[in-house]
Each structure stands twice: as C-alpha cells, then as structure tokens.
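Written below as structure tokens is the structure these notes are about.
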Amino acid sequence: MESRIWILLGMISTCLGSVFIDQITPKVIEPLKFELNATYQVVLSYIDIPQLQTANPFRIKTWTTSDTKTPLPILVVVQQKSQVSAWSLPLVVETSILGKSTEFVKASETLCHDFMRNIINDFDILLGHTGTLEVSQCFIISLSTSSPQNVTIHLELEEEKNFYVNLGHKYSLLVSPSEPRYVFYKFNENTSDTIVIEVDSEDDVCLIVSVQDSRCPVMDMNKDIKYEGTYQTVNLKGAITVPKRNFNEGFFLVFVARPDNFDCSEESSLLPRIMSTPVTDMKTTSNVTFTVRNGINVKQYRIGVFATLGTLVVVGLLCIILNIAFNRFGTISKTDRKTETDAPDGFPAFRRSEQIARLLSNGSLTVADFSTDPKRIKRRSFNYLSHTLSVAIFYSIPVVQLVVTYQRIVNKTGNEDMCYYNFLCAHPAFGFSDFNHIYSNIGYIVFGIIFIFAVVDRHSVIKLRVDRGIAVHYGLFHAMGLALIIEGVLSACYHICPSQSSYQFDTSFMYVMAVLCMIKLYQNRHPEINATAYTTFTVLGGAIFLAMLGILNANMFIWIIFFICYATLTVIVSLKIYFLNFVLDGLTQFKNNVEKKGFCTEALKPIRKTRFVVLLIANVVNYAMLITGFYLYTKGLTDFGTFLLGLLMGNAVIHTIFYTVMKKVIHKEKICFEAIIYGILSILCWGASGYFFLDAATLWTVTPAESRQWNQKCILIDFFDRHDVWHLLSAPALYFTFMYLMCLDDDIIDKYQTELPVF
C-alpha cells in the first residue's frame, strides 16, 4: 500500500515538474502547520511514537486559513496498515440541490484502529485493564496541492478517549458535514437481548445516524454512509433498536450531518403537502447527545406476549359467559319463539304505485309496512357477509404481500426511513422491526371471533321473526364480526411497515365497520328499503378511491371533487330516507301538490316533520364536519384519510345517538338492561382508548425525522406504547358497541310490528 502512494506522488511530480517531498518523522504528537504549493509537499510518518500505543483511535483534524476560492485544493491522504483515507481542503459536500455544493475549510476523520480486531477479541482485557494487548498504531499522512501559490494547512491529532461507550452513560459529540464522528459499542454479559440507542439534539440539524458492523473501514461520509448497516435521519430526536444477535462482535455508531435539511424536511416526501417545510440554508454543526440503554430480553418478550394473550382469553371468556347468561336468562329468554317455517315467501305488496302513494302520504308508518317478506330480508342481510368476505380476501392478499416485501427491503437495505415506527418502543422479533405493534392487534381478531360466536348463539335462541319485533339481520351482524377480524389483520399489516403509502391498509375496514353500523341502525326500522350490499360496497369503494387520491395528490382539485361527490351523495341519501326509497314517486307527489296548491305553506309543509328536521340537522352537521376537516387539513393538523374516517365515524355516532334518543325519549320505548350494560362498557372503553389514540407516537404525514420527535417510551409492561394500548382498548370498545346495537331492541322483541313506529 505504501508503494502505491509513492507511485501516485511520483506521477504527480512527473506532471508538475520538479517537486520537493519533505519527509518528516514526528517524535511526539503536536499541532503542525505547513505552507504547501505545487513544488513542495509533506509526508508525515507517525511511527514508534509512545502516544500511539493506546487502544483508542486517533482523530486527524485539518483546516486551512488560505483563500477558499482557490480552484486547487489541498489533498490529505492517510495510509494505515490495512486501509487508506483521503479528503481535500476545502472539503466539497454535495447538497440535495442538483449542481449545488457546500465547501468546508475544516475537515476531520477518525482513523479506524489498526488492531481493531484484536481489541474486539480481547475486549475484557481492555475494560479490565489487565493483561497485555498489542495496540500500537502507525500511519503516514501525505499533504499535497497543485496550487502554484502557497496554501496553509493546519494538522492536529487527537485521541478519541470516549471512543468505547458504555451502557447507560450519556455522551456528547460535535458533528458537522465535514467532521463525522463514530464510536464503538460491544455487547457484554450485562447487555439485554436488544439495546436501544437514544439520540437527542437541540440544534435541529439534519443528521444521518448509522449502525455498522465492527469491520474497518467505517462508512462515515455523506456520500457513502447509506451503503452500510442500518441508518435513519434525525433532527431533534431519534432511536435505533439493535438486536444482539445481529452484532455479536459489537458495532460502530456513526453520526454524519447533512449539508442541508432536505432529507429531514417535507420537500423529500413522495407525497405532496399543503403545509411543507422548504429546504433552507441552516447551521450544519450539531451537538449530539446519545445514550445506549438496555432494551427488553426474551423473558420480557414472553411476558408481553403471553400476559396479553392470557388477559384477552380471560376477558373473552367473561364476555362469552355474559352473553350466554343474557341469552338464557335475560330479556330475550322470556320471548315467544317463532321459527322460519312460519314465514311466508313473497314480494312486498306496497311496490304497486297506489301502495307507494299511500306510504308517501302516511305520516305514521310502522315496521310492518316494511317487513312483508322476512325470508327476503334474511337473504339480503347475508349478502353483506358474502360481500365483506370477498372484499376481505381480495384486499388482504396483496396487502400482506406488499408489506412483507417492505419489511424485507428494510432488513436488506437498513433504511429505517421507509417505515414510521415508534423507535423508542419498537421490539423486533421474527424478522419484524416492530413486533409489539403488530401483536397488539390480536385483540381485534379475538373480539371479532367472540362477536361471531355471540351472533351464532343468539341465532340459536331467537330465530327468524314473522310479525313481531325488529326483523333479524344475522348476516349483517356476521359481516360486522368479520370486518372486526379483518381490521385486526390489516392493522397488523399496516404496522409491519407504517408509511405514507400503506396508511389505507389500516383504515379501509374501519370505513366498512362505520358504514355497517349505520346500515344496521337504518335496517332496524326499514328492513326492506335499506341500501343493498351491492350499493353499500360500491359507495365504500368510491370513498376508498377518493381517499387514495386525497393521500397521493393533496391539492384543492381533489377536495373540490370530494365536496361535489359528498354533497351529491348526501342529497341522494337524504331524498331516499325522506321519501322511503321512492325518490321519483315522492318528487312527483311533491310537484303535483305544488301545482295544485301553489307555493304556499300547506304545499311546502313536510308530511313527516320529524324525519325532515332530523335530516336537516344531519345535513348541517355533515357540512360542518366537512368545513372543519378542510380547515384542519389546510393547517396541516389532519390528512385526507383521517378526515374521511372521522367523517364516517362521526356519522355512525350521530346515527347511534339519534336512534337511541328517538327510541327512548320520543317514542318512550324501554332500553333493556343488556343494552345498558353494553352501552356503558363501550363508552368506558371508547373514552379510555380515545385518550391514548389522541396522544400519537408517530405521524406519517410528516418526514421520518419529524415523526421521530413524537416517539415515546413504552408504558405497559415495557412492551406496549400508547398506540398499542389504543389497539388493546378499542377492540373491546368495538365489540361492546356491536353488542349494544344487537341488544338495543330486545325490549320490543315480542311487540307486534304494526305497533312499532318507523323513525
């Protein structure tokens, strides 16, 4: 290797003419200063210096006080026993803007120790200061320039005394684009199965933090740091979880500052944003503080997994026992039983025009008017189950394939900016970077299965009703339970690699559950004129498509399209609800009435006043939510997908409250104690889970570096964070909500449908 340097210097001499090479062998380590030009170069041989007999590596600092505008830089080449390092002064670092670069008159480099392999193998000797360890270093530094004028270079060697970091200690490093830093950590018997590296900075400088294996050389330059190990961008806060099995011999922790904030700003996002952070000139030196602490061990993994599973099993068994007790000894146990054989098979008689006209003119409708064919109602109800199952299969398969591929890319490339994890509470296992956030979704699956069991058990107790009570919709309830299970699967898939491109996976079946709840409540009093499964899932597909466009293209055009579509859908649904699904007949009747009586109060007065007022209020509330959502979106406080989910869930809550008030307050129907219990449990679970949901630990709408500023430590058995707790609490909240809807009308199960009002 030494001969190659002399050959290179010889080639330079041939090109430039006569060159004097001053060979210096320092006896001690001290700051040096040289005046160089095209005919004078310096070679420093640091050999057999007592100060170099140390296990700590040395850092070479270089800076120039000459005019930085000279086009001919100073070249610094450092030759060690097995590697060569080189840089120039001023050091030119390319920025994110094409064709633009930044020059630094000061540059430094930490030399990877010549005996790093021996130090790693005998690390116990190094820590205990016992025994002998041959660690003497030597290197040659060549300083040269092609500048015809004299240029000044200063050189200083500094021992990295805190190079080997210890567990639980806080360290500080000064980092800039031209002065990267790195340290070394080796696992020992006091180390857990995983360790967490917490990084903090108050300078808001965009950094790249990398964990690389213990081999030299270390990739510590802006141009090559992403080629090795695991890395992530950090501006104020970051964390990297390192499994012990991946770095048995230890690892280098590398810090490199970026010349601008592009990688940490929203300008680097693949998705456009209304509120974006422009790339600006900024300070490039950061005082980084970091700590290496223990993560969790195998025992804590087992506690987290089995304690959660055991708790869910116990709660699930209690829910099953409670459901069986209610079905066998509660309200529905005292009913008269009817079987399916009692139900006639035919089509509703009111489909004739005269019957439609009678219905539209009647201000006091009953459930009997819309329950003329119980078997047909049952078939339509089970259509929801088949549609939900079909959508779940064909939606889930590509989702699973995609997110598993994402995880493999993360594992292969080490790019931790691909996925928006809560790195302060992300426990890798089974090849997944964030196993706890995947596993915490098991609650949705467990409670989805329990709810399906509750539906089956209820079906065995209360079969198809002919002329009493609310028409049964077991197929719709099965669809709700299946949607809850698939929500758990898709939410787990999303958390394999949460990102800007996978957010829809977590919310799609939330849309489905919200819509199914509204359909169920409307079906209670309108069993034969509700939206079919075909229409429902077509509209849902359109909503998900618009949500995708809203995420991919955050611009006013998408919002205008959504406003138009939503306003049109609102008008259509309002007309269908008011005119009992016979919109054309209702409008014709209204037109004839106006033509007959003129535009007077009597002609314009709604026949069904309560329904008209409720629809008016619902429309006002919906448009208020639209305006509020758009305002929050323009302020960068929400995203289109979350806004759409809030809109649907808000409507589901409004519909539930409306139905309950109309039933209990307006029509004086009782609410059975089972529904009261489930309602109270659902409110308690929703309140607790909502508290944790609002305290987010990640934000996928910003950059990965900005998202890490929201990261939080685990709060439950050192395994789950706040979002995990949201998963674990929202699962029973959904279950109790579904049970509330299923038991809500048990008090009128024996009441004749001719006595049940429509609202």
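The values are calculated or read from the model by the stated rules, or taken from the named source; none is laboratory data. Here the structure is a predicted model, which means the values were calculated and not measured. Glycine also receives a Cβ, built like all others from the backbone with ideal geometry; neighbour counts cover every protein chain displayed.
Can you name the residue in the stretch 121-152 that is in a helix (DSSP H, G or I) and surrounded by 17 or more Cβ atoms within 10 Å (Cβ to Cβ) and is also modelled with the highest pLDDT among such residues?
Step by step, filter the stretch 121-152, then rank; the result is 123.
Give me a count of the residues in the stretch 223-253 that are more than 26 Å from residue 104 (Cα to Cα) and either part of a loop (DSSP other than H, G, I, E, B) or not assigned by TED's automatic domain parsing to the domain that holds residue 182 (or both).
5
Would you point out the residue of the stretch 358-372, among those that are in contact (Cβ under 8 Å) with a residue 60 or more places away in the chain and either in contact with a Gly (Cβ under 6 Å, 6 or more places away or on another chain) or not in a loop (DSSP other than H, G, I, E, B) (or both), that is farthest from residue 472 (Cα to Cα)?
Here the residue is 361.
Against the conditions (1) at pLDDT 85 or above; (2) surrounded by 15 or more Cβ atoms within 10 Å (Cβ to Cβ); (3) touching a strand residue (DSSP E or B) at 6+ places or on another chain (Cβ under 8 Å); (4) not polar (S, T, N, Q), where does residue 92 fall short? Just the number, please.
(2)
So which of 204, 220 is modelled with pLDDT under 95, in a loop (DSSP other than H, G, I, E, B) and surrounded by 22 or more Cβ atoms within 10 Å (Cβ to Cβ)?
Only one candidate passes the filter, namely 220.
Condition first: under 30 Å from residue 294 (Cα atoms) and either in a loop (DSSP other than H, G, I, E, B) or out of contact with any Gly (no Cβ under 6 Å at 6 or more places or on another chain) (or both). Now tell me which residues in the stretch 728-755 satisfy that.
729
Please give the number of the condition residue 464 fails out of (1) assigned to a helix (DSSP H, G or I); (2) out of contact with any Phe, Trp or Tyr (no Cβ under 6 Å at 6 or more places or on another chain); (3) closer than 30 Å to residue 669 by Cα.
Condition (1) is where residue 464 drops out.
Anything in the stretch 384-413 that is under 17 Å from the mean Cα position of the chain (by Cα) and of a type outside the set (A, V, I, L, M)? List them, or say none.
Across the stretch 384-413, the qualifying residues are 405, 406, 407.
Does residue 157 meet the test of being in the same structural domain as residue 42 (by TED's automatic domain parsing), out of contact with any Ser or Thr (no Cβ under 9 Å at 6 or more places or on another chain) and either at pLDDT 90 or above or within 26 Å of residue 101 (Cβ to Cβ) (or both)?
yes
I need the full set of residues from the stretch 405-434 which are touching a helix residue (DSSP H, G or I) at 6+ places or on another chain (Cβ under 8 Å) and part of a helix (DSSP H, G or I), in order please.
Hits for the stretch 405-434 are 406, 407, 423, 425.
If residue 694 satisfies every condition in (1) modelled with pLDDT under 85; (2) touching a helix residue (DSSP H, G or I) at 6+ places or on another chain (Cβ under 7 Å); (3) not polar (S, T, N, Q) but one, which is the exception?
Residue 694 satisfies every listed condition except (2).
Being more than 41 Å from the chain's Cα centre (by Cα), of a type in the set (A, V, I, L, M) and within 24 Å of residue 758 (Cα to Cα) is the requirement here; does residue 580 meet it?
Criteria met by residue 580.
Answer yes or no as to whether residue 642 is in a helix (DSSP H, G or I), closer than 14 Å to residue 511 by Cβ and polar (S, T, N, Q).
Answer is yes for this residue.
Residues in the stretch 154-196 that are among the hydrophobic types (A, V, I, L, M, F, W, C) and not in a strand (DSSP E or B): how many?
4
Quick one: would you say residue 444 is in a helix (DSSP H, G or I) and within 23 Å of residue 653 (Cα to Cα)?
Here the answer is yes, as residue 444 does meet what is asked.
Which one is nearest to residue 377 (Cα to Cα), of the residues in the stretch 459-468 that are modelled with pLDDT of 85 or more and in contact with a helix residue (DSSP H, G or I) (Cβ under 6 Å, 6 or more places away or on another chain)?
Filtering first and then ranking leaves 459.
Suppose the filter is of a type in the set (Gly, Ala, Ser) and in contact with a strand residue (DSSP E or B) (Cβ under 6 Å, 6 or more places away or on another chain); does residue 733 pass it?
Spelling it out, it is not the case that residue 733 is of a type in the set (Gly, Ala, Ser) and in contact with a strand residue (DSSP E or B) (Cβ under 6 Å, 6 or more places away or on another chain).
Counting just the residues of the stretch 474-511 that are part of a loop (DSSP other than H, G, I, E, B) and at pLDDT 85 or above, which one comes out nearest to residue 746 (Cα to Cα)?
498
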